[in-house]
Amino acid sequence: MSHVMLRGLTLSIVIPTPGNTGALEETLLSVLENRPEGCEVVVALGCEYDDPWNLAEEVRFVRAPAGAGLVGCVTAGVQATTGDVIHLLAAGWKATPGWTDAALARFDDATTGAVIPLGVDGATPDRVVSAGLKYKRGGRRVALTRPGMGTTAAVGSGADRRVGARRPRWPVVGPRLEAGFWRADLVRAGEAGFNTACGDRLADVDMAVELAARGVSTVVEEGSRVVAGGEPARERGFRSGLHGERLFWRSLAGRSFLPSFLLHVIEVIRHTIVSAPLGTVPMLLGRFVGACQLVSHARRRRQLTEYLATEAATETAADAAPADTDSTTIRIDEGQEVLSGPRRRPRDVEPLRKSA
């Protein structure tokens, strides 16, 4: 792998808050009560907040652009961080004692790009209600409600589940935007980051596809638990079709077109049924507009193709590198003080003939 992580990682916790300052205060209280030593806490505000508890010395407040939704707040918060690992915990979700320890330990592995914490029910802490998400080839995002869902391509079981390492696999699995741990260089530097093209609801899937193309893995960490917040409102009508269609065409790199397109047709039919009767026409119009944005889709596919090519080159170089040998290995290009087998006659040398 070309990605390197160092021990002694620093952590940045980002609390994106597009609205609802009451939910923000609940999340802030849980984080400050359980925060690990040495981490920074950044609150990204998309609404007005006058800090009635005077937390500015313990927490850094940054403002997202006016009208920014969840993705805009996430981006503003991420860009203000300095840690090696970024933990997103949206307003309304709550931290629990020691929730970052096991997740951070996962980043000692150089192949880890993201870690999924388990979201539990506030009234029943043993009941898991959120375990990340998966993205199907036809273009559908599915919220996972228990460990193991969507991780059939992983190796191991329990806390060792790992998805997406080395080569993109389907379905792609990743953390929800509201709660997840991310390697900072994958979401903060250069062109990296969560894109607004697919809206607040599908931005996490868009990033999960990118991580798969980069060749990094997503780990389900059952030892890291947060109290799940409320579910965001579902998109309907034109916007749901627009964002869903954009996501499909943006994620085609590295996939066989015909099988993916056939599965996508099935997904559009499913979406049409669930949108009926009033939302069907606006949804289909949104999908039509999304499919026509060819320039934007081509740019994204080109980016993912470059990631795939880089990862393939890294794998090829690793496979071609000579394996480590110990001192007892016998080299065939050096003389050895051992008995050898019969030697073959060179091809171009005539055999000695007996004289008459």
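Quick rundown of the values:
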quantity: Condition met for residue 114 (closer than 24 Å to residue 75 by Cα, assigned by TED's automatic domain parsing to the domain that holds residue 34 and in contact with a Lys or Arg (Cβ under 8 Å, 6 or more places away or on another chain)); calculated: yes
quantity: All positions within region 49-77 that are hydrophobic (A, V, I, L, M, F, W, C) and either on the phi > 0 side of the Ramachandran plot or surrounded by fewer than 24 Cβ atoms within 10 Å (Cβ to Cβ) (or both); calculated: 53, 55, 56, 59, 61, 62, 64, 66, 68, 76
quantity: Count of residues meeting criterion [among the small types (Gly, Ala, Ser) and not in a strand (DSSP E or B)] in region 215-229; calculated: 3
quantity: Residue in region 139-149 that is farthest from residue 115 (Cα to Cα), counting only those that are among the aliphatic types (A, V, I, L, M) and surrounded by fewer than 18 Cβ atoms within 10 Å (Cβ to Cβ); calculated: 142
quantity: Residues satisfying the stated conditions in region 239-282, i.e. among the basic types (Lys, Arg) and in a helix (DSSP H, G or I); calculated: 239, 246, 250, 270
quantity: Qualifying residue in region 198-214 (condition: in contact with a strand residue (DSSP E or B) (Cβ under 8 Å, 6 or more places away or on another chain), modelled with pLDDT under 95, farther than 27 Å from residue 261 by Cβ and surrounded by 18 or more Cβ atoms within 10 Å (Cβ to Cβ)); calculated: no
quantity: Test: residue 96 is over 16 Å from residue 181 (Cβ atoms) and either crowded, with 20+ Cβ neighbours inside 10 Å or not aliphatic (A, V, I, L, M) (or both); calculated: no
quantity: Count of residues meeting criterion [more than 14 Å from the chain's Cα centre (by Cα) and either surrounded by fewer than 24 Cβ atoms within 10 Å (Cβ to Cβ) or part of a loop (DSSP other than H, G, I, E, B) (or both)] in region 120-138; calculated: 13
quantity: Hits in region 101-115 (condition: over 18 Å from residue 36 (Cα atoms) and among the β-branched types (Val, Ile, Thr)); calculated: 111, 112
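The values are calculated or read from the model by the stated rules, or taken from the named source; none is laboratory data. None of the values given here were measured: they were computed from a predicted structure. Note that we place each Cβ from the backbone using ideal geometry, even for glycine, and neighbour counts take in every protein chain shown.
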